[in-house]
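Heads up, the thing below is written out as structure tokens.
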Amino acid sequence: MVGVDFVSPTNSQIISCRKNGIVQVWSAETATQLSSLQLGSEVATLACCQSSRSAFIGLSSGQLVVLDLNTPESPRIIFGDRIHHGSILHIAFDMSGKLLFTGSDD
């Protein structure tokens, strides 16, 4: 398991990411899986922006993938691009949730 985070401000859904690229969304209330998605790449880190109900996933390849989680039963990729030459090791937001910061060893 690479990362776990709450999806929404109500904390009713949780997202988890495995190193092997499997992303799963869970109901926090019933502990049941709502959806699963295979990214096909090794995951290095995860961060969620609860205000936009989005997950930001950093891959070992240096790619950043953004998932729209407004419908937790069917997450969709809304962005994917290589932004680093090395693995994305950390993702963080500013206090307002408007700025995204990523860290890598490149």
field: Residue list for the range 6-38, filter: among the hydrophobic types (A, V, I, L, M, F, W, C) and either part of a loop (DSSP other than H, G, I, E, B) or open to solvent by 70 Å² or more (accessible area, probe 1.4 Å) (or both)
entry: PHE6, VAL7, TRP26, ALA28, ALA31
task: Sort out which residues of the range 78-92 are in contact with a strand residue (DSSP E or B) (Cβ under 6 Å, 6 or more places away or on another chain) and in a strand (DSSP E or B), and write them in order of number.
output: ILE78, PHE79, GLY80, ARG82, ILE88, LEU89, HIS90, ILE91, ALA92
- request: Identify all residues within the range 50-77 that are of a type in the set (Lys, Arg) and in a strand (DSSP E or B); write none if there are none.
  value: ARG76
statement: Given the conditions (1) more than 18 Å from GLN13 (Cβ to Cβ); (2) open to solvent by 30 Å² or more (accessible area, probe 1.4 Å), every one holds for GLY86 apart from (2)
field: Long-range neighbours under 8 Å by Cβ, at least six apart or interchain, first residue in contact (Cβ under 8 Å) with a residue 24 or more places away in the chain within the range 1-12, second open to solvent by 20 Å² or more (accessible area, probe 1.4 Å) and among the basic types (Lys, Arg)
entry: VAL2/ARG18; VAL2/LYS19; VAL7/ARG53; SER8/ARG53
field: Residues satisfying the stated conditions in the range 93-106, i.e. more than 21 Å from VAL7 (Cβ to Cβ), touching a strand residue (DSSP E or B) at 6+ places or on another chain (Cβ under 9 Å) and open to solvent by 30 Å² or more (accessible area, probe 1.4 Å)
entry: SER104, ASP105
- request: Kindly check whether there is at least one residue in the range 53-73 that is closer than 28 Å to MET95 by Cβ, out of contact with any helix residue (DSSP H, G or I) (no Cβ under 8 Å at 6 or more places or on another chain), at pLDDT below 95 and open to solvent by 70 Å² or more (accessible area, probe 1.4 Å).
  value: no
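The values are calculated or read from the model by the stated rules, or taken from the named source; none is laboratory data. Just so it is clear, the structure is predicted and the values come from calculations on it, not from any experiment. When we count neighbours, we look across all protein chains shown, and the Cβ atoms used for this are built from the backbone with ideal geometry, even at glycine. The accessibility values were calculated without ligands, DNA or RNA, using every heavy atom of the protein model including side chains. Shrake-Rupley method; radii C 1.70, N 1.55, O 1.52, S 1.80 Å.
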